[in-house]
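Heads up: the structure comes next, in structure tokens.
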Amino acid sequence: MLSNANSLLTFENLESNVRSYSRSFPVVFRTAEGAILEDEDGREFVDFLSGAGTLNYGHNDPDLLNDAIKYLDSGGIVHGLDMATSAKREFIERFDEIILRPRGLTYKFQFPGPTGANAVEAALKLARKVTGRPGIISFTNGFHGVSLGALAVTGNRYYRGAAGLPLTGAVFMPYDGYWGADKDTSDCLDRVLGDASSGVDLPAAIITETVQGEGGINPATKDWLRAIERLCKKYGVLLIVDDIQTGCGRTGSFFSFEFADLAPDIVLLSKSLSGCGLPLSLLLLKPELDVWRPGEHNGTFRGNNLALVTATAALQKYWTNEKLSDHVAEAGRIMGERLRQITERSRDHSLSARGRGMMLGLDCNTGKLAEKIVSKAFQDGLVVERCGAEDEVIKLLPPLTIDKQALHRGLDILDTSVHANA
Ligand SMILES: Cc1ncc(COP(=O)(O)O)c(C=O)c1O
């Protein structure tokens with residue numbers, strides 16, 4: 001029989017045009033371990049995409065998979081709507097003990113449907129229900145998902161255009177740095193909220209990322225985040241931190257807002273929460289906000305029990321000591337230094353790097369240049385994606401657990417590609 005290894009024909013013929021990553025990385029992937037993906041021809045790729053931030057602990061962490069296999073072998077509940085299960089109790093208790101209490105945080109847990117957008121939808125609904133106000137303030141370049149509620153608080157015109165109906169209920173304000181580093185955009189927000197004639201009604205909530213991921217790797221400063229929290233308190237508005245891409249250690253600490261010492265009213269987690277790519281989503285809400293009536297917000301796949309098992313294993317393996325955070329600090333420093341060298345060596349002196357922890361971006365100014373760089377990098381064995389309003393930023397999100405050898409291997413490939421193109 002003729003081998004059709006790496007053939008994309010089935011996907012081209014039968015999968016919808018909506019597919020995207022299989023166009024950027026046109027091979028058929030078969031296996032993966034840690035930071036390395038392998039295709040059907042046995043070619044290896046260093047993974048700086050990590051499932052768009054879903055594989056912070058790398059592909060197929062053997063300890064997490066082992067717990068999943070043991071759980072399945074023992075006849076553990078896989079699906080149970082939102083019934084009480086041993087796996088869910090274990091997760092809630094361990095999360096409270098390992099993550100919340102040491103940080104002085106008190107939250108109730110809500111398990112929405114398993115995607116990030118499900119968590120965003122639930123948070124927006126809850127904020128509206130608690131405050132009785134319909135409006136939400138979101139920020140320029142913010143990305144919160146593509147279901148209609150989440151899309152209404154997402155800035156990108158390309159995604160918004162696919163909605164097919166007016167997206168309402170949100171007002172966009174300038175994110176930190178939108179008008180350059182020397183302009184504090186929180187002043188603008190204060191002015192608008194304090195002015196009864198600004199045309200902006202007092203919202204139910206402000207939703208923000210602490211580092212905008214899809215929007216171009218835009219890290220907000222500590223001062224700006226604190227100012228936003230202060231404004232929320234001043235005007236009686238809820239603060240929702242969308243930690244879906246930035247959480248679970250991506251910026252070094254478990255929550256990305258720890259460096260700014262925030263205590264958001266609602267925190268959203270998904271992506272890397274299960275630790276191994278299984279769908280799982282979580283809202284953490286201040287207890288006094290829990291005004292839901294039973295089943296008022298629901299979903300068939302709330303609380304994926306197998307994912308809760310691996311999520312508990314990930315907490316125990318990675319968050320009971322400082323090793324992972326220390327590694328993120330060190331690997332992030334290496335990435336920052338290598339990116340600095342890459343930009344200095346490039347002939348196009350306008351390239352620049354930014355980010356926090358192991359969430360870094362190489363701004364190429366044009367989508368065309370960024371595309372050339374990532375496409376050559378892919379040919380040379382690196383999977384890395386683009387982000388930003390014009391897809392002009394190369395987004396580096398290696399697994400947090402990547403070893404130095406694989407990290408340098410990926411960065412070497414990127415270096416060569418930048419050098420060949422800019
Ligand atoms: C910050 C942020 N919020 C929400 C989402 C939506 O998550 P999902 O794609 O799982 O719906 C994403 C996805 O990239 C994200 O980066």
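A few remarks follow.
- The residues listed here are L280, L289; of these, the one that is within 22 Å of the chain's Cα centre (by Cα) and either of a type outside the set (G, A, S) or within 12 Å of the ligand (Cβ to nearest atom) (or both) is L280.
- Flag for R160 being of a type in the set (K, R) and touching a helix residue (DSSP H, G or I) at 6+ places or on another chain (Cβ under 8 Å): yes
- Within the range 122-135, the set of residues being crowded, with 22+ Cβ neighbours inside 10 Å and either under 16 Å from L306 (Cα atoms) or in contact with a helix residue (DSSP H, G or I) (Cβ under 6 Å, 6 or more places away or on another chain) (or both) comprises just one member, L124.
- Residue that is surrounded by the most Cβ atoms within 10 Å (Cβ to Cβ) [pool: residues in the range 37-86 that are assigned by TED's automatic domain parsing to the domain that holds K395 and β-branched (V, I, T)]: V46
- Selection count, the range 124-137, where residues are assigned to a loop (DSSP other than H, G, I, E, B) and under 19 Å from G199 (Cβ atoms): 3
- Residue list for the range 107-139, filter: within 15 Å of the ligand (Cβ to nearest atom) and of a type in the set (F, W, Y): F111, F139
- Hits in the range 388-422 - residues which are among the hydrophobic types (A, V, I, L, M, F, W, C), closer than 17 Å to G367 by Cα and assigned to a loop (DSSP other than H, G, I, E, B): A389, A422
- Contacts under 9 angstrom Cβ, first residue in the range 35-60 being in contact (Cβ under 8 Å) with a residue 24 or more places away in the chain and under 13 Å from L397 (Cα atoms), partner within 13 Å of the ligand (Cβ to nearest atom) and part of a strand (DSSP E or B), 6 or more apart: F48/E385; F48/K395; L49/E385; L49/K395; A52/E385; A52/K395; G53/M359
- Helices (runs of 4 or more DSSP H) fully within the range 138-211 counting 3 or more residues that are within 23 Å of A52 (Cα to Cα): 148-152, 157-161
- Looking only at residues of the range 220-251 that are more than 19 Å from the chain's Cα centre (by Cα) and among the acidic types (D, E), we find that the one that is nearest to D182 (Cα to Cα) is D223.
The values are calculated or read from the model by the stated rules, or taken from the named source; none is laboratory data. Nothing here was measured: the structure is a model prediction, and the numbers come from that model. Heads up, the Cβs are rebuilt from the backbone with ideal geometry, glycines too, and the neighbour counts pull from every protein chain shown.
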